[in-house]
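The values are calculated or read from the model by the stated rules, or taken from the named source; none is laboratory data. Source: prediction; values computed, not measured. Using ideal geometry, Cβ is built from the backbone for each residue, glycine included, and neighbour counts are taken over all protein chains shown. Protein only, heavy atoms only, side chains kept; ligands, DNA and RNA dropped before computing areas. Shrake-Rupley method; radii C 1.70, N 1.55, O 1.52, S 1.80 Å.
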Amino acid sequence: MTSIREEARGSTFPDMSTTKPTLLLIHGFPQDHTLWDPQLGPFNAVANVLAPDLRGFGNNTDYSELVTMETFAKDLRGLLDHHGIERAVLCGLSMGGYIAMAFLEQWPERVEAVILCNTRSTGDTAEGKEGRRATARDASEKGSAVIARAMIPKVLSAATLRDRPDIVTHVETMMARQRPEGIAAASLGMAQRPDRTAVLKAVKVPVLIITGDADELMPLATSQAMAAAMPGAQLVVLPKAGHLSNVEAPEQFNATVIDFLASLPRA
Ligand code: MLT
């Protein structure tokens with residue numbers, strides 16, 4: 001049994017009769033599958049899309065006190081097993097990228113290609129770990145809406161904050177509706193993740209790195225460092241996009257991913 005809830009709205013998934021790749025979209029923190037709303041239509045045309053709610057987020061109420069990146073990755077492997085999918089393209093944003101790297105470390109043979117969006121391969125500093133514990137405490141004591149309000153200026157670019165109230169409302173609402181328990185568990189889990197730069201150095205499959213030039217949470221140098229670890233990787237920097245590049249620059253994000261998928265050798 002998988003503990004993951006999936007959504008693939010508007011999709012014909014699983015359509016095993018085609019040679020389309022399976023694209024596994026892994027949302028970030030504290031989000032759910034609706035992060036990928038701008039992608040589902042365009043991506044369903046070229047891939048069999050899976051966009052699950054991770055443990056403790058969205059419709060997935062299956063959480064414990066602390067959920068590591070390895071546990072999230074194991075849930076995703078269970079989802080692939082459940083559908084009889086041997087290999088998938090992993091596409092993770094931020095925490096979703098941490099999870100994709102944990103998956104890649106354990107089951108490289110199940111990965112056809114990797115798309116790492118607005119993320120980093122390094123672990124947290126001591127100060128960062130303390131911040132995770134504070135976030136977990138705040139989620140439990142003050143509630144998710146407080147976390148969402150504090151994160152909005154960090155995850156969206158100044159241009160998005162100024163010009164796109166619709167995006168601000170969508171993202172804040174999505175974050176505020178996540179359960180405090182799920183937020184706390186993932187926050188504590190992120191604090192435990194190791195540096196996985198060596199995993200990237202060993203990667204044998206195509207890699208695409210996407211970020212936004214206005215991402216303050218993951219400054220460009222973090223994406224450049226990942227690209228430097230993998231000489232074959234492609235790095236795409238989307239102008240005026242912040243931390244949620246798929247939501248803030250959806251047309252460019254979608255075109256970049258669709259081109260990458262088209263470039264993959266298909267059996
Ligand atoms: C995310 O967007 O998933 C988080 O910002 C990741 C993090 O806090 O490290």
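Observations
- Verdict on A255 being away from the ligand (no atom under 15 Å from the Cβ), outside any strand (DSSP E or B) and open to solvent by less than 80 Å² (accessible area, probe 1.4 Å): yes
- Selection over region 121-136 of residues that are without any contact (Cβ under 8 Å) to a residue 24 or more places away in the chain and open to solvent by 40 Å² or more (accessible area, probe 1.4 Å) gives a count of 4.
- Some residue of region 51-59 being within 14 Å of the ligand (Cβ to nearest atom), assigned to a loop (DSSP other than H, G, I, E, B), hydrophobic (A, V, I, L, M, F, W, C) and within 24 Å of D215 (Cβ to Cβ): yes
- Single match in R87, R77 (criterion: more than 30 Å from D213 (Cβ to Cβ), touching a Phe, Trp or Tyr at 6+ places or on another chain (Cβ under 8 Å) and either more than 16 Å from the ligand (Cβ to nearest atom) or at pLDDT below 95 (or both)): R77
- Positions within region 93-116 being assigned to a strand (DSSP E or B), in contact with a Gly (Cβ under 6 Å, 6 or more places away or on another chain) and more than 9 Å from the ligand (Cβ to nearest atom), in sequence order: L116
- Failed item, numbered, when T122 is tested on (1) away from the ligand (no atom under 13 Å from the Cβ); (2) assigned to a loop (DSSP other than H, G, I, E, B): (1)
- Hits in region 232-252 (condition: open to solvent by less than 60 Å² (accessible area, probe 1.4 Å) and within 21 Å of I152 (Cβ to Cβ)): L238, A241, G242, H243, L244, S245, N246, V247, E248, A249, P250
- Residues in region 154-175 that are within 21 Å of the chain's Cα centre (by Cα) and of a type in the set (D, E): 1 in all.
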